[in-house]
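A.B. asks: Have a look at the structure that comes next, please.
Computed from the coordinates by the stated procedures, all read-outs in this text should not be read as laboratory data. Every value quoted in this text rests on a predicted model; they were computed, and no experiment measured them. Here the Cβ positions follow ideal geometry from the backbone for every residue, glycine too, while neighbour counts run over all protein chains shown.
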Amino acid sequence: MVSTTDSIATQVGVEVLKNGGNAVDAACAAALAIGVTEGFSSGIGGGCFIVIHMADGRETAVDGRETAPKKSSRLMYVPKDTTKPSNLSTTGVLAAGTPGELAALEAAVRQYGRLPFEELVERAAAIADTGFILDDQYERALDRYTDKLSQFEGSRAVYFHEDGTPLKRGERLLQKDLAATLRRVCQEGLDGYYRGEVPRLIGQYVRGNGGVLSAADFENYKPLMREPVRGSYRGYNVISMPPPSSGGIHVIQILNLLEPYDLSYFGPGSSETIHLTTEAMQIAFADRAEFLGDPAFTEVPVQGLISKEYAAEWRSLISSVQHAELAGAGRPQDFSGTAEQHPDEKHTTHISVADGEGNAVALTTTLNTPFGSGVIVPGTGVLLNNQMDDFVTWPGRPNYFGLVGNAANEIEPGKRPLSSMAPTILLKDSQPYLVIGSYGGPRIITSTVLSIINVLDFDLPLQAAVDYPRWHHQWVPDRLFLEPDHPFDVQMGLRQRGHRIEVQSRWAGVTAVMSDEERGGWRGAADSRTTGLAAGF
Ligand code: DON
C-alpha cells in the first residue's frame, strides 16, 4: 500500500512493489517521481527524512537534510539596512542549502531496498522527459508564484510560455534538462549529481548570481544514518525522525503529555479535547524554540524531552479549565545549557508505504516553501531549495513559518537547519501498525499527532482520521488556530478557557497507511485536503 499526495507518484510506488521492490524501493521511487510531478514541493534540489522499519527488526532514520554551504555565515541574511525587508533566505540562489535528497534516497535503497537505484531513477526521468498534464492545483501554484519564478531564466524556460505567462491546467509540463540530469545519475550513479558537470553548472550559476553554494559543497555532502527517536503511546511503540528534525521529538512529547487523559471520553473535536491537546502543543513548541538544532553543533536533550517523567512535570501546569500563558521552555533532565524563544504556512510532501513482508517506510521530502528558492539552474533542470530559511536567519526574527529559535539553530557552515518534518511509524507487538506524516511546516507536528489520536483514541476510520478538522498552536504567537469546521459551541468553550482563536483556511496534508486487522493487509488514506491517492494490491 502506497499513499502520497500525488496520484502518479502513488502509481509509480505501486508498480515498483508489483515488480518485486520492497517498501523502501517503492517509497524512494515515489519520492523521485513526485519530485518531477509535484516539483514545487520537493525534488533532487531539496532534502528529505526517511524512517524505515524492516520486517527483520532493523530500524533507521535516514537524514538527507540540506547542509549550510561552506561559505555561509551566521548573519549572511541580515541586510545592511535592517529597516528594509529582505527575502534573500527565501528567494534566489543565496537561499539554497546543499541538496541531500538524492544521496539519502540512494543510501536507503542501497542498504534496505532490493532493486537497483538506477531503475527507480529512470522511472522519474521518463516522466520528466515525456511530461505530464498539469492539474488545477499546479496551475494555482504557478499563478501564485509567477512573480517569484519569472525572475529566473531557468524557471521561466520550464514553467512559462514564450509570451511570459505561466503554463495552465491541461497543458503538458516537460522537464527535459531534469530528465537529462536524472539519466546522468542512471549512468554514473550518485556521482552523476554530486560530482562533475551538474554541480559545476550549479556552482557557476550560483556564484554568478550572488550565492554561496558551490560544487565543493556537493562533493562533500553525506547523508547520515541515525537512530530513530522512540516513544510509546497507549501500548503502541512510536519511532520517528530525530534531530535535526524537531518532528519526532515533539510528536512523542505531545503524545506523552496527552497519554493520561481519557480523550475518548471527551470525544474528537470537543472543546475539552481541543483544549488539552492545545496546551500540550504549546509546551512542545516552547521547548522546540529553546533546545532544538543540529545535534552535530548543539547539545539537544533528546532523551529528557521525550521522557514520560518530563511530560509529567509539564502536565502539572495543564489546567482543564484555563489556557496557560507560557513564559518559556521547561527543564528536560539531560539539559545543562542556558535559555531563550516563535508563528506559520505551506509546500513539502509525505509518502507512507508498507509492503506484504512487514517492511514500512515513512518519508517526508521538501524544497521548503513552494518552488523553494524559485531558481531552476539553467542546463540542469534542478529547482534549488530555500531550506536556509529554516535556520534562525536573523536573530530574533521569526522565519517564514513564524517559528522562532535561538543559537541552537543559527547558521554555521555544514550545519543542518532545524526541521518540523515528522515521518513516523507506530508499531503494535513489533509489527508496523500505522505509517504516517504530513506537510505543513510546524503544522506537520500537530497534524500528525491529531491524526494519530483520531485513530488510537477515537477509533475513527483512517480516512476520517486524516480528514478530521484540525487545530494548531505553536506557542508564539499565543493563538489557537482552527480550521473553519469547528462548531460555534466548541469555539465558545475554548474562548471561555482563555484561548485566543483565529480561524484559518484548511491546512497540511497527511498521508497514511494502516494495518487492516480485520481483513489482513493494509488500508491507506490520502488527506482530502490534497490531490493525493492511496493505492495498493
Ligand atoms: O523542514 C521543515 O520543517 C520545513 N522546511 C517544511 C516545509 C513545509 O512543510 C512546507 N509545507 N507546507
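A.B. asks: Between W394 and N220, how many nm apart are label points set 7 Å from Cα along the C-beta direction?
C.D. replies: A separation of 2.7 nm, rounded to one decimal place.
A.B. asks: What order, most packed first, do the peptides 249-259, 380-390 have when packing is the mean number of other Cβ atoms within 10 Å of each residue?
C.D. replies: Those peptides, ordered most packed to least, come out 380-390, 249-259.
A.B. asks: Within segment 278-333, which GluC sites (Glu not before Pro) sit in a loop by DSSP and count at most 14 neighbouring Cβ atoms inside 10 Å?
C.D. replies: Filter output for segment 278-333: E299, E325.
A.B. asks: Same structure, new question: Under 28 Å between C-alpha atoms is the cut-off here; go through segment 1-122 and count lysine pairs that meet it, provided they're at least eight residues apart or on different chains.
C.D. replies: 4
A.B. asks: Of the options W507, I306, A296, report the single residue whose Cα projects farthest towards the positive end of the charge dipole of the chain (beta-carbon charges: Lys, Arg +1; Asp, Glu -1).
C.D. replies: It is A296, whose Cα lies furthest towards the positive end.
A.B. asks: Check each of the trypsin sites (Lys or Arg not before Pro) in segment 1-73 and keep only those in coil by DSSP with at most 12 other C-beta atoms within 10 angstrom; list them in order.
C.D. replies: For trypsin sites (Lys or Arg not before Pro) across segment 1-73 that sit outside H, G, I, E and B with at most 12 neighbouring Cβ atoms in 10 Å, the list reads R58.
A.B. asks: Please label the shape of segment 24-154 as rounded, prolate or oblate, based on the square roots a ≥ b ≥ c of the eigenvalues of the alpha-carbon gyration tensor (a/c under 1.5 means rounded; beyond that, a/b larger than b/c means prolate, else oblate).
C.D. replies: oblate
A.B. asks: Follow-up question, since we're still on this one. Would you kindly state how much longer the chain becomes between D485 and F537 on full extension, computed as 0.36 nm times their sequence separation minus their alpha carbon distance, in nm to one decimal?
C.D. replies: 15.3 nm
A.B. asks: When DSSP beta bridges are limited to those with both residues in segment 386-508, what percentage is antiparallel, rounded to the nearest 5?
C.D. replies: Given both bridge residues lie in segment 386-508, the antiparallel proportion sits at roughly 65 percent.
A.B. asks: Between I133 and N19, 0.36 nm times their residue separation minus their Cα-Cα distance comes to what?
C.D. replies: 38.5 nm
A.B. asks: Sticking with this one: Taking the alpha-carbon centroid of each part, what is the distance from segment 1-66 to segment 262-330 in angstrom?
C.D. replies: 31
A.B. asks: A157 to S86: FRET efficiency via 1/(1 + (r/R0)^6), r the Cβ-Cβ distance, R0 25 Å, to the nearest 0.05?
C.D. replies: Result of the calculation: an efficiency of 0.40.
A.B. asks: Is the C-alpha gyration tensor of segment 115-190 telling us rounded, prolate or oblate? Criteria: a/c under 1.5 is rounded; beyond that, a/b larger than b/c is prolate, otherwise oblate.
C.D. replies: Prolate is the answer for segment 115-190, as a/c is 1.5 or above and a/b outweighs b/c.
A.B. asks: Testing the spin-label approximation: label points 7 Å from Cα along Cα→Cβ at V78 and S319. State their distance in nm.
C.D. replies: The modelled label-to-label distance comes out at 3.9 nm.
A.B. asks: Among the lysines, which fall within straight-line cross-link reach of K428, defined as a Cα-Cα distance under 22 Å, with same-chain neighbours fewer than 8 residues apart omitted?
C.D. replies: By straight Cα distance, K428 reaches K308.
A.B. asks: Moving on. Using a/c under 1.5 as the rounded threshold, could you call segment 374-500 rounded, prolate or oblate? The axes a ≥ b ≥ c are square roots of the C-alpha gyration tensor eigenvalues, and prolate needs a/b larger than b/c, oblate otherwise.
C.D. replies: Verdict is oblate for segment 374-500.
A.B. asks: To the nearest 500 deg cm²/dmol, what mean residue ellipticity at 222 nm is calculated for the chain from DSSP H runs of n ≥ 4 alone, each contributing -39,500 (n - 2.57), summed and divided by the residues?
C.D. replies: -10000 deg cm²/dmol
A.B. asks: List the chymotrypsin sites (Phe, Trp or Tyr not before Pro) in segment 202-308 that DSSP assigns to loop (not H, G, I, E or B) and whose Cβ has at most 13 other Cβ atoms within 10 Å. Which are they?
C.D. replies: Hits after loop and neighbour filter: nothing returned.
A.B. asks: Between segment 149-184 and segment 383-407, what is the separation of their alpha carbon centroids in Å?
C.D. replies: Their Cα centres are 28 Å away from one another.
A.B. asks: Identify all lysines with a Cα-Cα distance to K168 below 24 Å; exclude those on the same chain that are fewer than 8 residues away in sequence.
C.D. replies: List returned: K148, K176, K346.
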